[in-house]
């Protein structure tokens with residue numbers, strides 16, 4: 001619930017959208033169509049949901065421009081899902097922790113922590129680390145030495161940020177994520193034994209980046225692993241050392257990116273995608289779920305499968321695969337007619 005009730009007219013004005021119906025109606029919460037109560041705002045994505053809206057108890061709705069709200073109070077929007085998300089931010093803001101460093105936090109004397117930042121009980125902040133204005137470090141998060149975190153960022157419980165890593169402004173790191181762990185580097189010595197390669201680089205993260213729970217971003221071997229502005233990583237993702245993710249890259253859960261991979265601006269990797277080392281993925285590329293990318297992918301390309309194929313070839317291959325049992329039956333029948341199959345053949 002929000003801090004106070006808000007009139008729909010006021011909310012529509014803040015969103016810059018057209019109002020239909022009684023603007024004096026007040027909302028104080030948000031809910032799905034079938035769960036909304038008389039104080040809630042809900043939304044309809046398109047006309048297919050209008051029937052469900054009729055039985056909803058919601059006080060008001062965010063509705064597409066081309067849908068008739070009837071007698072219901074509505075905010076008319078070209079993108080109802082997006083405007084509803086903005087309304088959620090307005091009506092249900094996250095709790096605002098108290099400023100300052102909790103006495104139960106472990107903070108080195110040589111840190112620089114903005115007075116408006118919050119460092120909660122149990123957090124550990126190493127020597128030389130700097131934390132920007134209004135940034136929140138939740139309980140039991142650990143920031144090693146010489147870490148930099150910008151303004152308005154949120155570091156959730158259990159996060160580990162290793163030494164010398166840099167996070168920009170408005171970065172969200174969900175619980176259990178590890179930023180700057182050692183990259184996976186080993187070599188064979190003269191005796192054929194595996195020896196660890198020291199990882200002495202760091203991770204650089206831009207502004208407005210989101211890192212999902214239990215996701216790991218490895219530090220570079222020598223230089224930098226880079227996530228540029230507005231990169232969005234889901235939960236349970238591995239980003240290998242020396243990789244570079246350009247602006248607006250989106251990667252879904254359980255995907256793995258090997259070392260020294262470059263991913264172009266606006267590329268999307270769906271769930272459980274895997275990328276081989278030293279591969280370049282172009283701008284605005286789409287990688288389907290469970291795909292295995294084993295070579296470079298040009299800009300504006302859709303790929304699927306493992307090893308990956310361009311979309312048209314993959315769809316044709318999948319269509320052919322469905323026909324394969326019937327084709328095999330026909331081939332066997334032809335072979336029998338020609339006397340090419342013995343009695344013991346399958």
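Taken together, the values in this text are just the output of simple stated rules run on the coordinates, not laboratory data. Source: prediction; values computed, not measured. Ideal geometry is used to build each Cβ from the backbone, glycine not excepted, and the neighbour counts take in all protein chains shown.
Take the Cα of residue 306, step 7 Å toward its Cβ, do the same at residue 18, and the gap between the two points is 4.9 nm. For the stretch 31-159, the convex hull drawn through the C-alpha positions has a volume of 132 cubic angstrom per residue. Applying 0.36 nm per residue to the separation of residue 133 and residue 321 and subtracting their alpha-carbon distance, the gain on full extension is 62.0 nm. What percent does the relative contact order of the stretch 162-310 come to when contacts are Cα pairs within less than 8 Å and at least six residues apart? Relative contact order, the stretch 162-310: 14 percent. Spin-label pair residue 186-residue 102: with each label point 7 Å from Cα along the Cα-Cβ axis, the two points sit 3.8 nm from one another.
Summarising the strand pairing of the chain, around 15 percent of its internal DSSP beta bridges are antiparallel.
Remark: the Cα gyration tensor places the stretch 159-307 in the oblate category, a/c being 1.5 or greater and a/b not exceeding b/c.
Write down the percent of antiparallel bridges among all DSSP beta bridges whose residues are both part of the stretch 6-91, to the nearest 5.
35 percent
Of 307, 94, 139, the residue with the greatest mean-square motion in the GNM of the chain, using alpha carbon springs below 10 Å, is 94. What the Cβ-Cβ distance of residue 284 and residue 68 gives, at R0 = 30 Å and to the nearest 0.05, is a FRET efficiency of 0.25. If r is the Cβ-Cβ distance from residue 85 to residue 109 and R0 is 35 Å, what FRET efficiency results, to the nearest 0.05? After rounding, the FRET efficiency stands at 0.25. Only helical runs count toward this figure. For the chain, summing -39,500 (n - 2.57) over DSSP H runs of n ≥ 4 and dividing by all residues gives -5000 deg cm²/dmol at 222 nm. For the pair residue 10 and residue 222, a Förster radius of 41 Å applied to the C-beta separation gives a FRET efficiency near 0.15, rounded to the nearest 0.05. Computed on the stretch 6-91, the Cα convex hull volume stands at 73 Å³ per residue. Just 107, 197, 250 to compare: in a GNM of the chain, with alpha carbon springs under 10 Å, which one fluctuates most? For the chain, modelled as a Gaussian network with Cα springs under 10 Å, the answer is 197. Multiplying the residue separation of residue 55 and residue 195 by 0.36 nm and subtracting their alpha-carbon distance yields 43.8 nm. In the chain, Cα pairs under 8 Å separated by at least six residues give a relative contact order of 6 percent. The stretch between residue 332 and residue 35 holds 101.1 nm of extra length on full extension. This uses 0.36 nm per residue minus the Cα-Cα distance. Most simply put, the stretch 159-307 has about 5% antiparallel DSSP beta bridges, counting only bridges with both residues inside it.
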